[in-house]
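Here's the structure, in structure tokens; my notes come after.
Read the figures in this text as sums done on the coordinates, not as results from a lab. Since we're looking at a predicted model, the values are computed, not measured. Don't worry about glycine lacking a Cβ; one is built from the backbone with ideal geometry, like all the others, and counts go over all protein chains shown.
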Amino acid sequence: MLEQRGIDVLVEIDTPGHTSVISKSHPEHIACPEASPWANFANEPPAGQLRLASGRNDEVYSKSSRGPSLNATGKTLEQALDTFTQTTHKAIEDLGKTPVVWEEMVLVHNVTLNPETIALVWISSDNVKAVAEKGFKLIHAASDFFYLDCGAGGWVGANPQGNSWCEPFKTWQRSYSFDPVANLTADEAKLVLGGQHLLWTEQSGPSNLDSIVWPRAAASAELFWSGPGHDISDALPRMHDFSFRLQQRGVNAIPLQPLWCALRPGACDLTATEGEVSSASLAYQPEQIILTSHDEL
């Protein structure tokens, strides 16, 4: 069914970070598993990452360079990371696959990368140009546009501010306004493969997954399919339509506006004037989809 609809499901395995759970089955491959206090060994709890110096790349934590497992090798953190990267990437390439790295591997760390390696730009959309200038193909995943968990507050305890690291909340309008080829030359623009809308699951689960993702993620789907430069006011009725279609199928998508506004495209715009109707509403018949689930006007 997914293949018929042009959908590929890709397994993403971040390494060497985000791998502490491997210590439950293969403890010999993990350095500092559940070490305490976690802040001395990791960016977030629980501590533990793949041993960089073993033969058996995401978020390399600088304090791991003081760990005994790395010190025993006589290598610096950068040297160990380079060895790890070359070893794992060769295994991936031998299988006919293409390695994907986060932007730090291109812009921060001194590691050897195959020119065909793909980079995910996540820290900031401002870094897209720098990655493209180095000649790497890239995927947009900028936290300042496409992180769905931003703005929900911090999840690490004993934090008086309680802020999430990537505040504020990223609205669908914010994502829809993104320009995938901004400030890129024509040749650099050819390196852009597409984009992702991302959700990290520290504060999400079955009870709230639908409402966090939908319909916000539909904004990037239209953006990366149709290209930038489209009007947000014209997109809103389509977002409403998609949201109600999801609800009909049992997906708990959140409302984008009160139902009164959804039934009257353009009437709730800040720029609305007497007698004005948005161009999108001319071909949009909201009653057909909305009133099958709602009996209020």
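Karplus-derived 3J(HN,Hα) values for the range 188-198, using 6.51 cos²θ - 1.76 cosθ + 1.60 with θ = phi - 60°, are 5, 4, 5, 7, 6, 8, x, x, 10, 10, 10 Hz; glycine and proline are entered as x.
For a paramagnetic label modelled on Asp144 (point 7 Å from Cα along Cα→Cβ), amide N atoms under 11 Å away are absent within the range 179-218.
Once the Cα-Cα distance is subtracted from the 0.36 nm per residue extended length, the Lys190 to Asn208 segment shows a gain of 2.8 nm.
Using equal-weight Cα scatterers in the Debye expression, the normalised intensity of the range 98-212 in log10 at q = 0.09, 0.19, 0.21 Å⁻¹ is -0.29, -1.01, -1.12.
Extension gain for Ile92-Glu116 works out to 7.4 nm (0.36 nm per residue, less the C-alpha to C-alpha distance).
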